[in-house]
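Computed from the coordinates by the stated procedures, all read-outs in this text should not be read as laboratory data. Computed from a predicted structure; not experimentally measured. Cβ placement follows ideal geometry from the backbone for every residue including glycine, while neighbour counts extend to all protein chains displayed.
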Amino acid sequence: MFRSIKQWSIAALSTVFVMGAFGVSAQDGESLFKANCATCHQPLKDGTGPKLSGVRQKWIDGGAKEGSIYTWVANWKAAAASDPYAASVAKVKPTDMNTFPNFAGKQKEIDAIFDYVDAQVAAPDPGTSVEGTPGVTTEEEEGFSWIWVILGLIFVVIIMAVGGVRRQLNNATREAAGQGSPDERSYGDEFKTWAWKNRKYVGLGGLILTISLFVMLFLSLYSIGVIENYQPSQPIEFPHDIHTGVNGIDCKYCHNSVTKSKTAGLPTVNVCMNCHKQISGDGEQVPKIAQIYKAAGWDGSQFTGKTSEIVWNKVHVLPDHVYFNHSQHVVAGGVDCKQCHGDMTKQNETARVVPVGDLNKVEGNIQLTRPTLTMGWCIECHQEKEIAEGPLDTKNNAYYTEIHKRLLNNDRKLYDKYLEDGKVTVKELGGWECAKCHY
């Protein structure tokens, strides 16, 4: 079975192919779910959106049109307009689902998400209730496609069958030629003999396979915590392009703590009512503005005092051990909002984590290569972003003027080195020190 290097290579490559395909399928479904769905949906219980476990079968049983669920994921409004079942689903929750145009026509990716979700279903222990009650432990499984397991088994059966036929033919040839008794060695013994005879090739192949698996595992770590294009649904659709682009409202009017606080802040409904007390909108804007009136307790002529809370879903989420201060970047660093959030004057959809490729298309942005909101993205920006074009005292800021004087008096050569490229960057003033961003 293993006397031919060609056969051994085919077996090894088939195994790697099956293992690789199995891992990618499971990883893709999980990563797509966490990046696009996890903020509103859970596999086993309702959240902002309904639970997703078994949702495909639920749509089939409910009489949904074929392919309607894939249209729903990409654009629920289009699905509701063409399928009565989808229209009924749209009324289940008061909050509208977000649209995901990046999933349009991508049935395989959507199926990968549903495969991952369905794999999370685990029967609870006898006498216990569903997940979420104290003392109940549910076991989550990785999502995968059984097709790769079946293909792997087929490959193994074929290889063993070919090896068995080859052995029988060799034994028949030996008997016909009078060369002694048939070869009765086991597959394990035969493999050991073959491996020792071709030990150089086996050693080299094993080394390459080990390095390849290690590299694949290492590269997969780069996907952990990467949430580009993450876009949770919001209770009210807010068109940034109308407010910022058409009406020219400055970002700081609504996000008024951005220049003096760690966070940019969200506007209270009172800020919205500064304008919308007079502007009630028209067409499809009317029901959206009506939600603001309800939250403010405005009946069209006076405030009733019956208010309700608007619960916005957080978009940009950093780990607990990461420190980020908006005022430090906006005021001291002079960073424009579009560097991290994109051109909001053209964004009609709700806020999202804009991919670095889209950010690089915005005029005036520093060109970066690392995924948005990753550590590499931050330190790359600190390396490229200038604090001052020329000497620090040109900033007309007492803080930087003092640093300018200290550098001139204590380390003029270092200061001259900083200014060789005509600017002083964040990195050069300590922007790569761990304690700048980490507690």
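Details
- Gaussian network model of the chain, springs between alpha carbon atoms under 10 Å - residue of Asn170, Asn360, Asn348 with greatest fluctuation: Asn170
- Shape call, segment 385-437: gyration tensor on alpha carbons, a/c limit 1.5: rounded
- Axial C-alpha extent at least 30 Å, average Kyte-Doolittle at least -0.5 - helices from the chain (DSSP): 5-36, 146-176, 199-220
- Cross-link reach list, aspartates and glutamates versus Lys58, counting only Cα pairs under 13 Å and skipping chain neighbours closer than eight places: Glu66, Asp118
- Three semi-axes of the equivalent ellipsoid, the chain, Cα gyration tensor, whole Å, largest first: 55, 37, 18
- In terms of packing, defined here as the mean over residues of other Cβ atoms within 10 angstrom, the peptides 418-428, 191-201 line up highest first as 418-428, 191-201.
- Full extension of the segment from Ile366 to Asp61, taken as 0.36 nm per residue of separation minus the current Cα-Cα distance, would add 104.7 nm.
- Measuring nothing but alpha carbons in segment 218-335 and taking Rh as the Kirkwood radius, the Rg to Rh ratio lands at 1.05.
- Theoretical ellipticity at 222 nm over the chain - DSSP helices of four or more residues, -39500 (n - 2.57) apiece, nearest 500: -14000 deg cm²/dmol
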